[in-house]
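First the structure, in the form of structure tokens, and then the observations on it.
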Number of protein chains: 2
Amino acid sequence: MDATGRLEISQGESFIDVKSFFESAPPLKNSDSITQKSSPTCCFGNLLVSGNAKSVGVVCVTSGGTTVPLEQRCVRYIDNFSSGNRGAASTEYFVKAGYAVIFVHRRGSCQPYCRYLPEDSFLEFFEVLNDSEIQVCHPHATVVKKAIKEYHSAVNGGFLLKLPFTTIFEYLQIIQVVATSLSCLGPRGMFYLAAAVSDFYVPWENMAKHKIQSAAGPLDMRLTQVPKMLRILRTDWAPSAFCVSFKLETDSEILLQKAESALRKYQMHVVVANELATYKREVIAVSLDGKISIRKQSEDADVEEQLIKLLVEKHNKYIECCGMG
Amino acid sequence: MDATGRLEISQGESFIDVKSFFESAPPLKNSDSITQKSSPTCCFGNLLVSGNAKSVGVVCVTSGGTTVPLEQRCVRYIDNFSSGNRGAASTEYFVKAGYAVIFVHRRGSCQPYCRYLPEDSFLEFFEVLNDSEIQVCHPHATVVKKAIKEYHSAVNGGFLLKLPFTTIFEYLQIIQVVATSLSCLGPRGMFYLAAAVSDFYVPWENMAKHKIQSAAGPLDMRLTQVPKMLRILRTDWAPSAFCVSFKLETDSEILLQKAESALRKYQMHVVVANELATYKREVIAVSLDGKISIRKQSEDADVEEQLIKLLVEKHNKYIECCGMG
């Protein structure tokens with residue numbers, strides 16, 4: 001059998017995995033509301049009217065880690081480490097570049113315009129004067145005011161729509177809904193998939209119904225591979241959108257090889273390779289044009305500023321190539 | 001061999017498990033600082049001076065879920081579901097009852113005085129007027145001002161010390177440090193262990209060094225039982241403290257039986273039994289005196305208000321019995 005034949009078989013298997021994943025998943029709550037909110041004619045319609053567009057495009061930024069429940073009435077779950085800082089920072093730079101952003105984020109993860117605010121207890125930033133007036137404690141005043149202003153400007157201007165997820169089931173169901181909504185934008189739609197997505201899960205029907213009891217010695221678990229949705233996103237859900245995925249590894253020796261393999265296998269336009277130890281200051285953008293290493297330009301700068309600049313350029317070229325420029 | 005003999009053997013085994021758990025754990029960061037902060041002579045010293053005590057006691061409230069890393073350079077981990085709402089609410093009622101609280105909480109979980117504030121983006125609560133003045137959006141003004149005032153009053157009065165954890169390793173190491181610090185208070189110390197603590201873990205030396213690769217089919221994992229620290233807390237770390245633990249189950253049929261078994265096995269003073277489906281409105285306090293069912297008194301009330309009232313009564317009786325009243 002030749003290479004093409006093998007590819008077809010492998011894609012066929014992948015579609016079956018995806019079908020069985022969705023069939024066995026618990027139904028997505030608020031699915032209709034998400035479809036309606038993420039429809040460009042609804043939330044971003046005013047930004048995207050043909051020739052007179054205020055927004056240069058719509059990008060779906062995913063952010064934070066997905067969870068895999070180990071019990072149907074869930075007490076325990078497997079989680080993927082991700083603060084959501086990358087997605088939150090990138091969202092700010094996409095809005096600055098004129099994009100409308102659908103921010104698909106893990107509940108409780110880092111939010112755009114909140115990155116410099118305290119995580120646990122923002123109450124420490126404020127004090128109440130004369131029993132009535134709220135004041136920001138002095139050293140933080142500038143950063144808090146900037147955050148409040150920029151956040152309201154993005155939301156009120158229609159440049160930011162936030163959709164939360166927790167489990168891998170919710171995440172993939174939301175991506176499917178958003179992709180279908182955005183497919184009408186053709187190449188002006190973008191996916192920037194920075195979320196840390198689970199590779200393994202327990203199919204719903206195999207899951208323990210109640211909390212797993214600890215009395216009976218060690219716990220043996222078998223986890224199934226999550227089907228690779230990137231391929232389906234490209235071939236089926238949003239075939240014309242510009243797609244950027246991320247590859248995070250802890251072992252630098254296999255990182256670039258894995259990023260290049262993802263580029264080919266899932267037909268991504270760009271794969272951003274990053275290493276756990278250095279991801280805040282350096283990433284490598286891998287595409288068919290080659291590899292571009294991006295470092296943050298100063299201690300206070302964000303590596304996302306340069307990364308988004310590069311991706312916006314590549315996206316513009318892509319739109320031109322598709323004859324939509 | 002008689003019953004006493006068996007008990008000794010079983011306790012011996014348990015101590016060996018605990019020893020090997022701590023020996024294999026990664027070292028606790030900031031251990032010295034935690035020891036210093038949680039020392040009653042340091043943080044709560046002014047509250048606890050002999051006859052003239054402002055604080056009626058010190059309670060260590062634990063809150064939120066612990067994580068179990070699956071990789072040494074951790075990307076994936078197992079987590080226990082817990083919003084931290086119970087611990088945060090209970091902390092507020094303990095402070096109200098005159099206790100100094102050491103709030104040992106999962107990073108990012110619900111914080112005292114923040115329960116009625118938005119989780120994701122508190123920025124929505126605020127607006128900036130005339131480019132300078134911050135104002136709380138009208139419908140939220142009362143609740144935000146109350147939160148800021150009560151929080152500052154608790155912290156500035158020396159009634160609230162917050163110590164964060166993420167992993168099961170950090171959690172148990174912090175409990176040990178705090179227990180040792182509080183042991184000098186004798187029966188006036190209390191442990192209120194509301195955190196959702198992992199039952200299973202992967203010993204550090206068995207852990208994958210790098211991110212587990214997903215290419216090689218399903219993932220089989222063997223998890224080891226976390227040694228039961230409640231017993232060591234009672235017998236070794238803080239033998240005179242009043243100890244309250246929690247039992248959460250999803251299956252109501254086994255709940256009370258498991259709570260009673262924990263009461264006996266770990267010599268707790270009270271075990272609070274709660275069921276996942278109803279834990280916000282009902283708990284059962286199980287002690288040697290019997291079972292007391294506690295429900296919240298109205299839709300807006302907290303079940304913790306009644307629970308803490310009952311526990312404070314029981315703690316006072318306990319202090320009297322120990323001849324310290």
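The values are calculated or read from the model by the stated rules, or taken from the named source; none is laboratory data. Remember, it's a predicted structure, so these values are computed and weren't measured experimentally. No Cβ is skipped: glycine too gets one built from the backbone with ideal geometry, and neighbour counts run over all protein chains shown. The protein model used for the area step is the full one, side chains on, heavy atoms only, and it has no ligands, DNA or RNA in it. Shrake-Rupley method; radii C 1.70, N 1.55, O 1.52, S 1.80 Å.
Could you look through the range A:183-194, keep only residues that are assigned to a helix (DSSP H, G or I) and in contact with a Phe, Trp or Tyr (Cβ under 8 Å, 6 or more places away or on another chain), and pick out the one that is farthest from the other protein chains (Cβ to nearest Cβ)?
So, considering only residues that are assigned to a helix (DSSP H, G or I) and in contact with a Phe, Trp or Tyr (Cβ under 8 Å, 6 or more places away or on another chain), the one farthest from the other protein chains (Cβ to nearest Cβ) is A:P187.
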Pick from the range A:278-323, criterion of a type in the set (A, V, I, L, M) and exposed (fewer than 13 other Cβ atoms within 10 Å of the Cβ), ranking: nearest to A:V143 (Cα to Cα): A:A301
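Pull up the range A:190-201, narrow it to residues that are closer than 22 Å to A:E275 by Cα and among the aromatic types (F, W, Y), then point me to the one that is surrounded by the most Cβ atoms within 10 Å (Cβ to Cβ). Steps first, answer last, please.
Taking the range A:190-201 as the starting set, the residues that turn out to be closer than 22 Å to A:E275 by Cα are A:191-200.
Okay, now just the ones that are also among the aromatic types (F, W, Y), so A:191-192, A:200.
Numbers: A:F191: 26, A:Y192: 28, A:F200: 20.
Among those that are closer than 22 Å to A:E275 by Cα and among the aromatic types (F, W, Y), it is A:Y192.
So in the range B:53-70, with the set limited to residues that are within 21 Å of B:V177 (Cβ to Cβ) and within 14 Å of another protein chain (Cβ to nearest Cβ), which one is surrounded by the fewest Cβ atoms within 10 Å (Cβ to Cβ)?
Going through the range B:53-70, the residues within 21 Å of B:V177 (Cβ to Cβ) turn out to be B:55, B:57-69.
Next, from what is left, pick out any that are within 14 Å of another protein chain (Cβ to nearest Cβ): B:63-69.
Numbers: B:S63: 29, B:G64: 30, B:G65: 24, B:T66: 25, B:T67: 26, B:V68: 25, B:P69: 22.
Only one residue fits best here, namely B:P69.
If you check A:R222, A:R231, which single one turns out to be of a type in the set (K, R) and in contact (Cβ under 8 Å) with a residue 60 or more places away in the chain? First the steps, then the outcome.
Values: A:R222 fails: in contact (Cβ under 8 Å) with a residue 60 or more places away in the chain.
Within the list A:R222, A:R231, the selection yields A:R231.
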- request: Please give the number of the condition A:L248 fails out of (1) at pLDDT below 95; (2) closer than 24 Å to A:P26 by Cα.
  value: (2)
- line: Restricted to the range B:202-215 and to residues being within 12 Å of chain A (Cβ to nearest Cβ) and open to solvent by 30 Å² or more (accessible area, probe 1.4 Å), the residue farthest from the chain's Cα centre (by Cα) is B:A215
- request: Say whether the condition of being in contact with a helix residue (DSSP H, G or I) (Cβ under 9 Å, 6 or more places away or on another chain) and more than 10 Å from every other protein chain (Cβ to nearest Cβ) is met by at least one residue in the range A:117-124.
  value: yes
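Can you tell which of A:R86, A:R73 is open to solvent by 10 Å² or more (accessible area, probe 1.4 Å), within 18 Å of A:A195 (Cα to Cα) and in contact (Cβ under 8 Å) with a residue 60 or more places away in the chain?
On the way: A:R73 fails: within 18 Å of A:A195 (Cα to Cα).
Residue meeting the stated conditions: A:R86.
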message: Need the failing condition index for B:I319 against (1) at positive phi; (2) in contact with a Pro (Cβ under 6 Å, 6 or more places away or on another chain), just the number.
response: (1)
- prompt: Do we find a residue being open to solvent by 10 Å² or more (accessible area, probe 1.4 Å), within 10 Å of chain B (Cβ to nearest Cβ) and among the β-branched types (V, I, T) anywhere in the range A:250-268?
  reply: yes
query: over 19 Å from B:F21 (Cα atoms) and open to solvent by 20 Å² or more (accessible area, probe 1.4 Å): does that describe B:P187?
result: no
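Filter the range B:128-172 down to the residues that are touching a helix residue (DSSP H, G or I) at 6+ places or on another chain (Cβ under 7 Å) and under 30 Å from B:D199 (Cα atoms), then identify the one that is farthest from the other protein chains (Cβ to nearest Cβ). Give the steps one after another, and end with the answer.
Taking the range B:128-172 first, the residues touching a helix residue (DSSP H, G or I) at 6+ places or on another chain (Cβ under 7 Å) are B:128, B:134, B:136-137, B:140, B:144, B:147-148, B:151, B:154, B:158-161, B:163, B:165, B:172.
Pick out the ones that are also under 30 Å from B:D199 (Cα atoms) and you get B:160-161, B:163, B:165, B:172.
Values: B:L160: 10, B:L161: 13, B:L163: 11, B:F165: 12, B:L172: 15 Å.
That would be B:L172.
What are the residues in the range A:301-325 that are under 18 Å from A:T91 (Cα atoms) and assigned to a loop (DSSP other than H, G, I, E, B), if any? Talk me through it step by step, then tell me what you get.
Start the filter on the range A:301-325 by keeping residues that are under 18 Å from A:T91 (Cα atoms), which leaves A:301-316.
Within the range A:301-325, A:A301, A:D302 meet the criteria.
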- prompt: Which of the following residues is among the charged types (D, E, K, R), surrounded by fewer than 18 Cβ atoms within 10 Å (Cβ to Cβ) and in contact with a Phe, Trp or Tyr (Cβ under 8 Å, 6 or more places away or on another chain): A:K162, A:K149?
  reply: A:K162
- prompt: Any idea which residue in the range A:95-109 is farthest from the chain's Cα centre (by Cα), counting only those that are open to solvent by less than 30 Å² (accessible area, probe 1.4 Å) and more than 10 Å from chain B (Cβ to nearest Cβ)?
  reply: A:G98
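Considering only the range A:68-107, how many residues are touching an Asp or Glu at 6+ places or on another chain (Cβ under 6 Å) and either farther than 18 Å from B:T167 by Cα or not hydroxyl-bearing (S, T, Y) (or both)? Walk me through it before giving the result.
Pass one, the range A:68-107, residues touching an Asp or Glu at 6+ places or on another chain (Cβ under 6 Å): A:77, A:79, A:89-90, A:93.
Next cut, either farther than 18 Å from B:T167 by Cα or not hydroxyl-bearing (S, T, Y) (or both) only: A:79, A:89-90, A:93.
Residues meeting the conditions: 4.
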- prompt: Can you name the number of the only condition in (1) open to solvent by 50 Å² or more (accessible area, probe 1.4 Å); (2) within 11 Å of chain B (Cβ to nearest Cβ); (3) at pLDDT below 85; (4) closer than 30 Å to B:T250 by Cβ that A:Q225 fails?
  reply: (3)
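Hey, among B:D220, B:D236, B:D199, which residue is within 24 Å of the chain's Cα centre (by Cα) and within 10 Å of chain A (Cβ to nearest Cβ)?
Values: B:D220 fails: within 24 Å of the chain's Cα centre (by Cα); B:D236 fails: within 10 Å of chain A (Cβ to nearest Cβ).
Sole residue among the options that is within 24 Å of the chain's Cα centre (by Cα) and within 10 Å of chain A (Cβ to nearest Cβ): B:D199.
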